[in-house]
C-alpha cells in the first residue's frame, strides 16, 4: 500500500529533515517547501493527504498562504504556531485551517494530531460514497460532494466546519457540548483554554449568515451549541 503524502511548508530545514525521517518511519511520505510561494503552488496538489503549515516564513507567511487558498482547499491544514501566541491560532482558524499545534511540540503529539485528522477524512470519504443529503431550516448538506447550501446558495466550508455542522444537524434542537464536538470531530479530548471549537462555530455562523437572514446556531453558555430546527426565515419547504 502506498504511503500517505504530507506536505510541510516551513522554512526551518532542520525541523523538516527531522520530521521527514520520523514520519517516514511512521509510514508517511513527507515533501517540504521552505517558503510560502513554493508551498502555495504545491498546496493545490490533491495527492497530499495533509498540509503542515508554519506561520513565520519568507515571501509569503502562513496566513497569506491561507488567504490565497481562500478556504476552498479540500486538503486539511494543520497550522504550526508559536507557543502561547493565541492570536495566531485564532487567525489561522478564521482563515480556514482545520487545527493548530504550538511549537515546540513533541513528535508523538504531532503524530497524534495527524492521525486524528486523517481518521476524520476517512469518515468523510465513507460518507461521500452515499448520495444522502440533509436539509433542516433551509440549510442543506450534500454528503456525496461535501457541499453546503443555504437558500440554494453555496456556502464554502472547510472540511472540519462541514463535519461540525453535520454533527449539529444530526442532533438538531439538542445541545452538543464542546467536548462532544472535540471528541467526535477533532478526534481528541478538549484541552483547557482550547478555543478551536469556538472559532469553527463562529466561522460556520458567519458563513451561513451571508446567505441566511437569521442565525441557525445558538450558543448555550457553559453547555454547548444547538442547530435550530424551526422555519425561522420564511422558507416553508
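The values are calculated or read from the model by the stated rules, or taken from the named source; none is laboratory data. This is a predicted model, so every value here is computed, not measured. Because the Cβ atoms are built from the backbone with ideal geometry, glycine has one as well, and the counts that use them run over all protein chains shown.
Among the residues of the stretch 138-164, those that are closer than 17 Å to residue 213 by Cβ and surrounded by 16 or more Cβ atoms within 10 Å (Cβ to Cβ) comprise 138, 139, 140, 148, 149, 150, 155.
Taking the numbered list (1) surrounded by 17 or more Cβ atoms within 10 Å (Cβ to Cβ); (2) out of contact with any helix residue (DSSP H, G or I) (no Cβ under 6 Å at 6 or more places or on another chain); (3) part of a loop (DSSP other than H, G, I, E, B) in turn, residue 60 passes all entries but (2). Against the test of being assigned to a helix (DSSP H, G or I), surrounded by fewer than 17 Cβ atoms within 10 Å (Cβ to Cβ) and modelled with pLDDT of 90 or more, the options 179, 127 yield a single qualifying residue, 179. Got at least one residue in the stretch 32-53 being over 24 Å from residue 159 (Cα atoms) and either at pLDDT below 95 or surrounded by 15 or more Cβ atoms within 10 Å (Cβ to Cβ) (or both)? Yes - at least one qualifying residue is present in the stretch 32-53.
Can residue 205 be described as farther than 17 Å from residue 139 by Cα and surrounded by 14 or more Cβ atoms within 10 Å (Cβ to Cβ)? Here the answer is no, as residue 205 does not meet what is asked. Any idea which of 78, 93, 66, 18 is farther than 20 Å from residue 162 by Cα and outside any loop (DSSP other than H, G, I, E, B)? Exactly one residue qualifies, and that residue is 18. From the list 167, 118, 91, pick out the single residue that is touching a helix residue (DSSP H, G or I) at 6+ places or on another chain (Cβ under 9 Å) and either more than 28 Å from residue 213 (Cα to Cα) or touching a residue at least 24 places away in the same chain (Cβ under 8 Å) (or both). Exactly one residue qualifies, and that residue is 91. Being modelled with pLDDT of 90 or more, buried (at least 20 other Cβ atoms within 10 Å of the Cβ) and within 27 Å of residue 3 (Cβ to Cβ) is the requirement here; does residue 111 meet it? No; evaluated as a whole, the condition is false for this residue.
Residue 228 passes every criterion in (1) crowded, with 17+ Cβ neighbours inside 10 Å; (2) without any contact (Cβ under 8 Å) to a residue 12 or more places away in the chain apart from (2).
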